[in-house]
1. Calculate, for residue 11 and residue 39, the FRET efficiency according to 1/(1 + (r/R0)^6) with r their C-beta to C-beta distance and R0 25 Å; round to the nearest 0.05.
2. Which value, in debye to the nearest 20, gives the size of the charge dipole of the range 32-82 about its Cα centre, when Lys and Arg are +1 and Asp and Glu are -1 at the Cβ?
3. Can you give the extra length, in nm with one decimal, that the chain gains between residue 55 and residue 81 once fully stretched, where that is 0.36 nm per residue apart less the Cα-Cα distance?
Amino acid sequence: MESATEVVDGVSQLVYKLPLDGKKTDIRADLDLSRLVDRLIIGPGSAQFNSAMKEAFINALANAGVTDTDKRVVESGIPLRN
């Protein structure tokens, strides 16, 4: 897993990246993401962004060979509070 400092909405933060593309790294060959990822919970956050993120994660996991991604990626029911 790689990490990098990135600016998100004007705030610098440490972001960890799990390589899902076997073409970019051979680490993926050693991982069985179907066993590694039971569920991915998105949120809390804005409903409009959660939906877009959910679709992006479903596609990324499906492209990485994970099955039943529509059942594994769920939106949190916790509201975002400021």
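None of the figures in this text is laboratory data; all of them are computed from the coordinates on show. Note that the structure is predicted; figures quoted are calculated from it, not measured. Counting neighbours? That spans all protein chains shown, and the Cβs are built from the backbone with ideal geometry, glycine included.
1. In this case the efficiency is close to 0.40.
2. With Lys and Arg at +1 and Asp and Glu at -1, about 160 debye.
3. So the chain would gain 7.0 nm between residue 55 and residue 81.
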